[in-house]
Amino acid sequence: MDRLDSLAFFIRIVEKRGVASAGRDFGLSAATASDRLAGLEAYYGATLLNRTTRSISLTDAGRLVLERARTLVAEADDLEAQVKLGINQLSGVIRLSAPIDLGENRIVPLIDEFMDLHPDVTVELVLSDGYVDIVGQGLDLAIRFGALKNSSLMVRKLGDNRRVICAAPSYIEKHGCPGTPDDLAVHNCLVMQFGPVIDREWSFVIDGKKCDIMVSGNRTANSGAQIRRWCLDSRGIALKSIWDVRDDLESGRLVELLKDFAPESQSALQIVYSRGSGSVSRIRAFIEFLVAKL
């Protein structure tokens, strides 16, 4: 197994979360697979994985090797495809993550359009409103709201974002319209859960100062799409990204509330990707396609 194959094998170990299962994909026995990993660690002079009987996790060195390995293997596949299929024909896998509501309503149609233009491209889409580890989960890119914290990743801004308080007209007719953020205390608020964090504090600007107001309600979900459906069904008041509810607001299905207390643009919608991913032709083309469309 040459160095590039060894790196591809290491990638498969992380994807399969097991040495033996990755070895089976490469036609290796469990002992041989373990030896291959040991050989790779000996070559780099570092432990790449923390292993127990139940799980594996990347060390800092392993994370670095994984990120660079994905780039090297992807570029090798990219070169092979360009030679065999032609320099202008895109092929291969694009692995991406997106928030659930945004992904289902805006990103999926764009994926379909891109794949119609490039039928040899395969897409693996992960929809999640929680934190997604791009490197650890083997993704090429992610579409995210909010600031970029990991400086090792690259970012392309798609647009500004703000979160809006909204409700269905029938909810307002039945329960009344809150006049100030404090009035939310007597309303049923639909609350998002991001991983272990429940987003019960909603931000407003009151008398020129940012204030966080604690809200509560009888429905909590870790899916922005479900929060939006409950809101449309008059189940309560929601705090949603303008990207998710713009069409609902324009059509009148939802109404924005507490506009006078809304903070200005709080974050950006952006594409996040590893440095190496941007050099792979299919991923670079897909990023430029999303930037142009969004």
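A short reminder: the numbers here are calculations on the coordinates, not readings from a lab. Everything numeric here is computed off the predicted structure, so don't read it as measured data. Counting neighbours? That spans all protein chains shown, and the Cβs are built from the backbone with ideal geometry, glycine included.
For the chain, what is the per residue volume of the convex hull drawn over the alpha-carbon atoms, in cubic angstrom?
It is 153 Å³ per residue.
Let me check against my output: what whole-number percent is the relative contact order of the range 163-264, with C-alpha pairs under 8 Å and at least 6 apart?
Result for the range 163-264 is 44 percent.
Can you give the percent of C-alpha pairs in the range 1-66 whose distance is more than 15 Å?
So the pairs more than 15 Å apart make up 44 percent of the total in the range 1-66.
Where is the GNM fluctuation largest for the chain (alpha-carbon springs, 10 angstrom cutoff): VAL197, VAL135, VAL19?
Ranking VAL197, VAL135, VAL19 by mean-square fluctuation puts VAL197 first.
Add -39500 (n - 2.57) for each DSSP H run of 4 or more in the chain, then divide by its residues: what number comes out at 222 nm, to the nearest 500 deg cm²/dmol?
Result for the chain, helices only: -12000 deg cm²/dmol.
Could you go through the range 98-106 in sequence order and give the Karplus-derived ³J(HN,Hα) for each residue, using 6.51 cos²θ - 1.76 cosθ + 1.60 with θ = phi - 60°, rounded to whole Hz, and x for Gly and Pro?
8, x, 4, 5, 4, x, 5, 9, 10
I want to make sure I understand the PRE zone here: with the label point 7 angstrom from the Cα of SER267 toward its beta carbon, which residues in the range 90-115 have backbone N atoms less than 14 Å away?
Within reach of a label on SER267: 98-103.
Calculate how many DSSP beta bridges within the range 141-242 are antiparallel, expressed in % of all such bridges and rounded to the nearest 5.
Expressed as a percentage, antiparallel bridges in the range 141-242 total about 70.
How many percent of all Cα-Cα pairs in the range 1-150 sit more than 18 Å apart?
Result: 64 percent of Cα pairs exceed 18 Å.
Just to be sure I understand: with springs between alpha-carbon atoms less than 10 Å apart, which residue in ALA142, ALA30, ALA22 has the highest mean-square fluctuation in the Gaussian network model of the chain?
Comparing ALA142, ALA30, ALA22 in the GNM, the peak value goes to ALA30.
Of ASP133, ASP207, ASP120, which is the most mobile in a GNM of the chain whose springs link Cα atoms less than 10 angstrom apart?
Sorting by GNM fluctuation, first place goes to ASP207.
I'd like the orientation of helix 30-44 relative to the chain: the angle between its Cα long axis and the longest Cα principal axis, in ° from 0 to 90, rounded to 10.
90
Below 8 Å, C-alpha to C-alpha, sequence gap of six or more: please give me the relative contact order for the chain in percent.
Relative CO of the chain lands at 22 percent.
Considering only the other residues whose Cβ falls under 11 Å of the Cβ of ARG68, what net charge follows from Lys and Arg at +1 and Asp and Glu at -1?
Its environment carries a net charge of +1.
Compute the distance in nm between two label points, each set 7 Å from the Cα along the Cα-to-Cβ direction, one at SER21 and one at SER216.
For the pair SER21/SER216, the computed spacing is 4.2 nm.
Please sort 214-225, 270-281 by packing, taking for each peptide the average over its residues of neighbouring beta carbons within 10 angstrom, highest first.
Ranked by mean Cβ neighbours within 10 Å, highest first: 270-281, 214-225.
Rounded if a/c is under 1.5, else prolate if a/b beats b/c, else oblate: with a ≥ b ≥ c from the C-alpha gyration tensor eigenvalues square-rooted, which is the range 163-264?
rounded
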